[in-house]
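Student: Before I ask anything, here is the structure I am working with.
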């Protein structure tokens, strides 16, 4: 892979370990946000289903 002078200079001035760590932290934040969003959607769907069919709440309580 051939690097331009600008790219080579940038890599000389960057701590790759630090940049990699920052990228990993950003990816983990996004993953956590997606997980929370998925849980929120599942909970909202569950609550909406119970509101539409309240008899299901009694079925769940009897189990």
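Student: Can you give the percent of C-alpha pairs in the chain whose distance is more than 13 Å?
Tutor: On the way: 1490 of 1953 pairs.
Tail fraction, whole percent: 76.
Student: Which of 27, 48, 38 moves most in a GNM of the chain, Cα contacts under 10 Å?
Tutor: 48
Student: Restricting to DSSP H runs of at least four residues, report the calculated mean residue ellipticity at 222 nm for the chain, -39500 (n - 2.57) per run over all residues, nearest 500 deg cm²/dmol. Working shown, then result.
Tutor: Working: 3 runs with 53 residues, N = 63.
Value at 222 nm, helices only, nearest 500: -28500 deg cm²/dmol.
Student: Could you calculate the contour length gain from residue 40 to residue 19, that is, 0.36 nm times the residue separation minus the distance between their Cα atoms, to one decimal place in nm?
Tutor: On the way: separation 21, 0.36 × 21 = 7.56 nm, distance 3.15 nm.
Using 0.36 nm per residue and subtracting the Cα-Cα distance, I get 4.4 nm.
Each reported figure results from applying straightforward, stated rules to the coordinates on display, with no laboratory input. Keep in mind the model is a prediction, meaning the values are calculated, not measured.
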